[in-house]
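Accompanying notes for the structure given below.
The values are calculated or read from the model by the stated rules, or taken from the named source; none is laboratory data. On a predicted model such as this, the values are computed, not experimentally measured, just so you know. So basically every Cβ, Gly included, is an ideal-geometry build from the backbone, and we count neighbours across all protein chains shown.
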Amino acid sequence: MTTETPAAVAERQGDRVIIFDTTLRDGEQSPGCSMNLEEKLKIARVLDEMGVDVIEAGFPIASNGDFEAVQEVAKTVRNAVVAGLARATARDIERAGEALKGAARPRIHTFISTSPLHMKYKLQMEPDAVLQAVIDSVTLARRFTDDVEWSPEDGSRTEPDFLCRTVEAAIKAGATTINIPDTVGYATPEDYAAIFRMVLERVPGADKVILSAHTHNDLGLAVANALAAVQAGARQVECTINGIGERAGNAAMEEIVMAMRTRPDKYPFHNRIVTQNIMKASRLLSSVTGFQVQPNKAIVGANAFAHESGIHQDGMLKHAGTYEIMTPESVGLTRSNLVMGKHSGRNAFRTKLRELGFDDIGDNAFQDAFQRFKDLADRKKEIFDEDIIALVDDSMARDSERIRFVSLGVMAGSIGAQTAQIVLEIDGETKWSQTSGSGPVDAIFNAISQLVPHEAKLQLYQVNAVTGGTDAQAEVTVRLEEAGKTVAGQGADYDTLVASARAYIHALNKLLTKREKSAPAALSA
């Protein structure tokens with residue numbers, strides 16, 4: 001009953017590995033990591049450009065916003081398969097089928113729990129009822145598309161015999177991809193590989209469908225588990241940019257892809273990913289979500305290609321291969337000799353942006369970033385690529401905001417009250433407020449709140465230095481929560497207090513966007 005797609009059954013079960021990106025679905029389930037429609041579409045376009053095979057765009061039944069996101073991604077993406085997630089219920093599957101109508105290549109990904117723990121406490125269903133739900137859900141999904149993926153939730157803790165029964169039932173009902181997720185990050189590479197070998201040996205027809213690995217990082221083994229599954233016969237890996245995801249996150253796409261590229265002796269497999277776009281995708285996601293990449297993160301961290309040790313520096317000067325197992329250029333970084341400073345013009349600045357992977361920056365964002373670059377160059381002796389990236393990310397995030405930062409004055413110190421005077425442009429109208437607080441940051445946030453009333457609670461306030469030195473730019477992340485809605489905002493500036501105001505305003509703009517989905521937002525004071 002299966003058809004010869006999922007990439008022609010991964011080129012007839014050869015060495016082709018399908019890259020299934022779930023940044024927009026599982027990744028967005030990270031607390032504080034929600035994205036609006038425009039942000040999801042930006043990320044979907046970048047994923048499509050970089051050669052991702054399958055984009056899981058969301059969970060259509062979860063909310064009207066998720067439904068709209070899947071629908072719009074389905075209309076926008078033309079190369080990748082677009083998948084929508086659905087539980088094993090008719091309502092979920094029908095909603096996913098409706099959202100995917102405009103997709104050039106739609107996929108419904110349906111799932112149900114199969115572990116004894118989940119069946120007893122979560123589903124409160126007997127195994128036979130779960131087995132029937134597998135058959136019914138896959139059969140229904142096939143009415144909407146020939147490309148159906150089925151997953152046994154908590155698959156790595158499912159009893160082997162029952163796992164094989166459910167997989168066989170899903171294949172017979174018409175599933176073209178079978179995903180066996182390590183939902184809670186419990187497996188080890190040896191455990192996980194053994195599951196895939198068992199399924200291939202025991203389940204009739206398993207060699208005729210794509211087996212997929214979906215791993216979580218609770219024990220720090222997500223990437224290792226995914227690669228072990230591929231070695232054992234999986235031909236699809238489900239992953240996210242920067243490894244974002246619930247709890248400790250998902251397997252990081254960039255780490256899986258570069259492991260295959262760098263160690264073909266151990267992982268003789270190929271994929272369609274244009275690795276030179278990795279940094280572009282990583283930076284875009286960080287800018288959209290406000291989730292900073294840790295400096296020592298593999299592949300995309302700020303220190304991934306940095307060398308401070310004298311011995312290492314000496315080796316690098318003699319031959320880069322002494323301490324680098326891949327080139328910065330292979331993931332989209334550059335070692336340009338174009339030095340940027342206060343005398344640099346617009347053309348040089350735009351050229352630098354292209355080298356850093358910013359090809360699609362709008363005119364307003366470009367002009368804002370250029371002006372702020374010139375201001376920074378007047379105050380900072382040396383401008384690093386990281387400084388420019390922070391400025392551009394900050395400017396791009398604000399290209400279409402209703403609330404805009406204009407100016408800030410702060411009185412702080414150990415004598416007297418801490419006060420802030422802020423000027424904002426709100427829906428084109430300039431407004432100002434002055435108030436005090438228990439510290440300069442509190443005063444700034446109070447002043448903003450007077451102009452933009454809201455009930456949001458501050459969940460996170462975090463400051464990072466973009467580069468080293470006392471003249472380093474500050475990059476501030478703010479997370480707000482209001483009525484169950486969580487948003488993150490970012491701001492960058494050479495003044496930490498200005499960066500704080502920008503981050504708070506960025507988060508409020510996101511919050512207003514969320515409000516507007518249910519009712520028009522009034523911005524009058």
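For the reader, a short list of remarks on this structure follows.
- Test: residue in the range 161-175 that is surrounded by fewer than 21 Cβ atoms within 10 Å (Cβ to Cβ), under 30 Å from Ile244 (Cα atoms), at pLDDT 95 or above and touching a strand residue (DSSP E or B) at 6+ places or on another chain (Cβ under 8 Å): no
- When each of Arg143, Arg165 is tested for being over 28 Å from the mean Cα position of the chain (by Cα), assigned to a loop (DSSP other than H, G, I, E, B) and among the charged types (D, E, K, R), the lone residue that passes is Arg143.
- The set of residues in the range 402-419 being assigned to a strand (DSSP E or B) and either in contact (Cβ under 8 Å) with a residue 40 or more places away in the chain or aromatic (Phe, Trp, Tyr) (or both) consists of Ile403, Arg404, Phe405, Leu408, Val410.
- Candidates Met125, Met119: the one that is in a loop (DSSP other than H, G, I, E, B) and either at negative phi or buried (at least 16 other Cβ atoms within 10 Å of the Cβ) (or both) is Met125.
- Residue among Arg91, Arg107 that is in contact (Cβ under 8 Å) with a residue 12 or more places away in the chain and either part of a helix (DSSP H, G or I) or in contact with a Leu (Cβ under 7 Å, 6 or more places away or on another chain) (or both): Arg91
- Residues that are part of a helix (DSSP H, G or I) and crowded, with 24+ Cβ neighbours inside 10 Å within the range 231-272 comprise Ile241, Asn242, Gly243, Met253, Glu254, Ile256, Val257, listed in sequence order.
- Odd one out for Glu72, checked against (1) outside any strand (DSSP E or B); (2) crowded, with 24+ Cβ neighbours inside 10 Å: (2)
- Search result, residues across the range 37-64 that are buried (at least 19 other Cβ atoms within 10 Å of the Cβ) and either among the small types (Gly, Ala, Ser) or part of a loop (DSSP other than H, G, I, E, B) (or both): Ala44, Met50, Val52, Asp53, Ala57, Gly58, Phe59, Pro60, Ile61
Table: residues versus (1) assigned by TED's automatic domain parsing to the domain that holds Ala206; (2) touching a helix residue (DSSP H, G or I) at 6+ places or on another chain (Cβ under 7 Å); (3) modelled with pLDDT of 95 or more; (4) farther than 23 Å from Thr486 by Cα.
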{"position": "Asp26", "(1), (2), (3), (4)": "yes, no, no, no"}
{"position": "Ser34", "(1), (2), (3), (4)": "yes, yes, no, no"}
{"position": "Lys42", "(1), (2), (3), (4)": "yes, yes, no, no"}
{"position": "Ile61", "(1), (2), (3), (4)": "yes, yes, yes, no"}
{"position": "Phe67", "(1), (2), (3), (4)": "yes, yes, yes, no"}
{"position": "Val81", "(1), (2), (3), (4)": "yes, no, yes, yes"}
{"position": "Arg87", "(1), (2), (3), (4)": "yes, no, yes, yes"}
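- Scan of the range 11-70 for residues that are more than 18 Å from Asn277 (Cα to Cα) and acidic (Asp, Glu), ordered by number: Glu11, Asp15, Asp26, Glu28, Glu38, Glu56, Asp66, Glu68
- Test result for Val209, at pLDDT 95 or above, in contact with a helix residue (DSSP H, G or I) (Cβ under 9 Å, 6 or more places away or on another chain), crowded, with 19+ Cβ neighbours inside 10 Å and among the β-branched types (Val, Ile, Thr): yes
Here's the yes/no breakdown for (1) outside the structural domain of Leu391 (by TED's automatic domain parsing); (2) modelled with pLDDT under 75; (3) surrounded by 15 or more Cβ atoms within 10 Å (Cβ to Cβ):
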| site | (1), (2), (3) |
| --- | --- |
| Glu308 | yes, yes, no |
| Ile311 | yes, yes, no |
| Leu317 | yes, yes, no |
| Ile325 | yes, no, no |
| Asn347 | no, no, no |
| Lys352 | no, no, yes |
| Asp359 | no, yes, no |
| Asp368 | no, no, yes |
| Phe373 | no, no, yes |
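- Candidate set: the range 209-224, residues that are touching a strand residue (DSSP E or B) at 6+ places or on another chain (Cβ under 8 Å) and in a loop (DSSP other than H, G, I, E, B); chosen: the one nearest to Val167 (Cα to Cα): Val209
- Among the candidates Val138, Val148, Val134, residue that is farther than 23 Å from Asn225 by Cα, modelled with pLDDT of 95 or more and under 27 Å from the mean Cα position of the chain (by Cα): Val148
Results for (1) of a type in the set (A, V, I, L, M); (2) in contact with an Asp or Glu (Cβ under 9 Å, 6 or more places away or on another chain); (3) within 18 Å of Ser395 (Cα to Cα); (4) buried (at least 21 other Cβ atoms within 10 Å of the Cβ), shown as yes or no for each residue.
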residue	(1), (2), (3), (4)
Ala420	yes, yes, no, yes
Ile426	yes, no, yes, no
Pro453	no, no, no, no
Leu458	yes, yes, no, no
Glu475	no, yes, yes, yes
Ser500	no, yes, yes, yes
Arg515	no, yes, no, no
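- For Glu94, the test of being surrounded by fewer than 21 Cβ atoms within 10 Å (Cβ to Cβ) and either modelled with pLDDT of 95 or more or in contact with a His (Cβ under 6 Å, 6 or more places away or on another chain) (or both) is passed.
- The set of residues in the range 411-428 that are hydrophobic (A, V, I, L, M, F, W, C) and at pLDDT below 90 comprises Ile415, Ala417.
- Taken as a whole, the range 478-497 holds at least one residue that is β-branched (Val, Ile, Thr), at pLDDT below 90 and buried (at least 20 other Cβ atoms within 10 Å of the Cβ).
- Members of the range 29-46 that are without any contact (Cβ under 8 Å) to a residue 40 or more places away in the chain and among the acidic types (Asp, Glu): none
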